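> This is the structure, below, for whatever I ask next.
Here, each number is a calculation from the coordinates, and none is a lab measurement. The model shown is predicted, which means the values in this text are computed figures rather than measured ones. Don't worry about glycine lacking a Cβ; one is built from the backbone with ideal geometry, like all the others, and counts go over all protein chains shown.
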Amino acid sequence: MKIIESYIYTLNQIESITFDKIEAEAETELIFTSKLFKKYFGQSLKKEEVFGKFSHNELKKNTLLNLNEIIKERSKGIPIQYILDEAWFYGHNFHVYINDSHKALIPRNETELIVEKLTEHSKEKSKYIGIDIGTGTCCIPISFILNSSNDVFFDAIDPYTFKIAKKNISKFKLEKKITLHSIGIEEILNTFDRKYDIVTANLPYIPKDKKIKELVFEPKEALYAKDNGLHYIKIFFNILPNIIKKNGIAFIEIDPKHSDYLLKLKNFEISIFKDLNNLDRIARIKLK
C-alpha cells in the first residue's frame, strides 16, 4: 500500500470511530508525525509530505500492521495521545502515558491560557520562583520556562504522576529549573517554608457525580472532586495566603460553574478569563 493510500485509509478509519471529520484529520496527522510512526517507517511525515514527495512510496508490511494496531486500540476508545504517548501543548510535545497505572491527564488547549497569561505577567521582573500544584505532565511550568526569557524556577507537585513528569523534565533538560515532589496539595504547608512569586494549579474540578463518558480512560484522580467539584479548590484558597508573596500572582483552571463561588471570596482580587468557547476557564488571583 502506498503512503498516500494508507493515510486516507487511516483517516477514514479514525473518522468512523470518532464521527468527527476535523478530529479524525487531527489524529491522523498526529499518527503520521509521531515517534511511533518514525520507529517503523524510518521517519515521521507531515501531511504535505504524505501528499507530496512520499505519496507513492510503499509502506512495508510491519508498518501497515502497526498502523492497524493503532486503529484497533483507538476503536476501543483509548485516546490517541495515550496510544502514541504524545500530547501537544503550547507548541511542545509531552509524554502522557507509561501504562494504565502510570498515565497523566491529557493537556488541553484551555490550559494553555494559563501559560499565555503567565507569560504576559512575567514581563514585570526578570526572576521568578513558582509552584505548580497538580502538575500532571508538568506542561505548565515547562511551557512557561521554554517560552520565557526570564530566569524561572519551579517546584512542581503531584502525588500520582511523578514518573511521567520526570520524563518530561528530562526531555527538555530542565532538571536545574524544576524540582519535582510526589506530594498532594494537603502536604504543601508541611513541606515548603517559602513563598512564591507565581502559583499555578490545574486541580480536579468536575463534580464526582458528573462522570463524563468521553474521559473514561483518563485518571479519575485528576478529574473529579467532591463538594460539587470544589474540594481541592477550597484547599487551594485556604493555603494560598501562606504560599504566595504579597505581590505574587496565581492562576488556576476552573469549571465555569465555579465562577460565582470564586468572585464571592473576600480576601482575594480575582479576574476570570474565558476560553475559546467563551466559557469562564482561568482565574487570576492576587491577595488584597
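> Let me check against my output: what whole-number percent is the relative contact order of the range 48-100, with C-alpha pairs under 8 Å and at least 6 apart? Please list the in-between numbers first.
Details: 26 pairs, mean separation 10.0, N = 53.
Reported relative contact order: 19 percent.
> With Cβ to Cβ distances under 11 Å as the rule, what net charge do the other residues near Ala201 carry (K, R +1; D, E -1)?
It works out to a net charge of -3.
> Label-point separation (nm) for Lys61 and Lys286, each offset 7 Å from Cα along Cα-to-Cβ?
6.7 nm
> Using a 7 Å offset from the Cα along the Cα-to-Cβ direction at both Ser170 and Asp260, what is the distance between the two label points in nm, to one decimal?
Each label point lies 7 Å from its Cα, and together they span 4.8 nm.
> Related question: Between Leu279 and Ser101, what length in nm is gained on full extension when 0.36 nm per residue of separation is reduced by their alpha carbon distance? Please report the intermediate quantities before stating the final value.
Details: separation 178, 0.36 × 178 = 64.08 nm, distance 3.22 nm.
Here the answer is 60.9 nm.
> Once both axes come from the Cα atoms, what is the angle between helix 162-171 and the longest principal axis of the chain, in degrees from 0 to 90, rounded to 10?
That works out to roughly 70 degrees.
> Taking R0 as 51 Å, what's the FRET efficiency between Tyr9 and Lys208 from their Cβ-Cβ distance, rounded to 0.05?
On the way: r = 41 Å, r/R0 = 0.80.
Efficiency for this residue pair is about 0.80.
> Give the aspartates and glutamates whose C-alpha is closer than 12 Å to that of Lys47, dropping any in the same chain fewer than 8 places away, or say none.
Cα-Cα hits under 12 Å: Glu25, Glu27, Glu29.
> Please give the FRET efficiency for Asn242 paired with Lys220, using the beta carbon to beta carbon distance and R0 = 35 Å, rounded to the nearest 0.05.
On the way: r = 29 Å, r/R0 = 0.82.
Calculated transfer efficiency: 0.75.
> Here is a further query. So what is the 222 nm mean residue ellipticity for the chain from helices alone, if each DSSP H run of at least 4 adds -39500 (n - 2.57) and you divide by all residues, rounding to the nearest 500 deg cm²/dmol? Write out the running numbers ahead of the final one.
Values: 12 runs with 109 residues, N = 288.
Only helices count here, giving -10500 deg cm²/dmol.
> May I ask which residue of Leu146, Gly229, Thr111 lies farthest towards the positive end of the charge dipole of the chain, with charges of +1 (Lys, Arg) and -1 (Asp, Glu) on Cβ and the Cα centre as origin?
Leu146
> In square nanometres and to one decimal, what's the mean projected area of the convex hull around the Cα atoms of the range 3-84?
On the way: hull surface 18.4 nm².
For the range 3-84, the mean projected area of the Cα convex hull comes to 4.6 nm².
> Where does each of Lys246, Lys208, Lys35 land when they are ranked from fewest to most other beta-carbon atoms within 10 angstrom? Write down the numbers at each step before the final one.
Numbers: Lys246 8, Lys208 15, Lys35 11.
Taking fewest neighbouring Cβ atoms as first place, the list is Lys246, Lys35, Lys208.
> Name the lysines eligible as straight-distance cross-link partners of Lys163: C-alpha to C-alpha under 19 Å, and not fewer than 8 places from it in the same chain.
Within the straight-line limit of under 19 Å, Lys163 reaches these lysines: Lys103, Lys171, Lys173, Lys176, Lys177, Lys220.
> Apply the a/c threshold of 1.5 to the C-alpha gyration tensor of the range 45-125 and tell me whether it is rounded, prolate or oblate. Provide the component values of the computation, followed by the final result.
Values: a/c = 3.60, a/b = 1.62, b/c = 2.22.
The shape class here is oblate.
> Looking at the square roots a ≥ b ≥ c of the eigenvalues of the Cα gyration tensor of the range 149-264, which shape do they give, rounded for a/c under 1.5, prolate if a/b is larger than b/c, or oblate?
oblate
> Mind sorting His181, His102 by how few other Cβ atoms lie within 10 Å of their own Cβ, fewest first? Let's see the in-between values first.
Numbers: His181 18, His102 15.
Listed from fewest to most nearby Cβ atoms, that is His102, His181.
> Report for the range 140-288 the percent antiparallel among DSSP-assigned beta bridges with both residues inside it, nearest 5. If you can, show how the numbers build up before the last one.
Values: 11 of 22 bridges.
Once the DSSP bridges in the range 140-288 are tallied, antiparallel ones form about 50 percent.
> Which net charge results for the neighbourhood of Tyr97, defined as the other residues with beta-carbon distances under 11 angstrom from its beta-carbon, given Lys and Arg at +1 and Asp and Glu at -1? Walk me through the intermediate numbers first.
Details: positive: Lys103, Lys163, Lys167; negative: Asp85, Glu86, Asp100, Glu218.
The answer is -1.
> Please report the antiparallel percentage of the DSSP beta bridges confined to the range 58-206, to the nearest 5.
Working: 5 of 20 bridges.
That works out to approximately 25 percent antiparallel.
> For the residues Ile249, Ile185, what sequence is obtained by ranking on other C-beta atoms within 10 Å, fewest first? List each step's numbers first, then the result.
Values: Ile249 23, Ile185 20.
Going from sparsest to densest Cβ surroundings: Ile185, Ile249.
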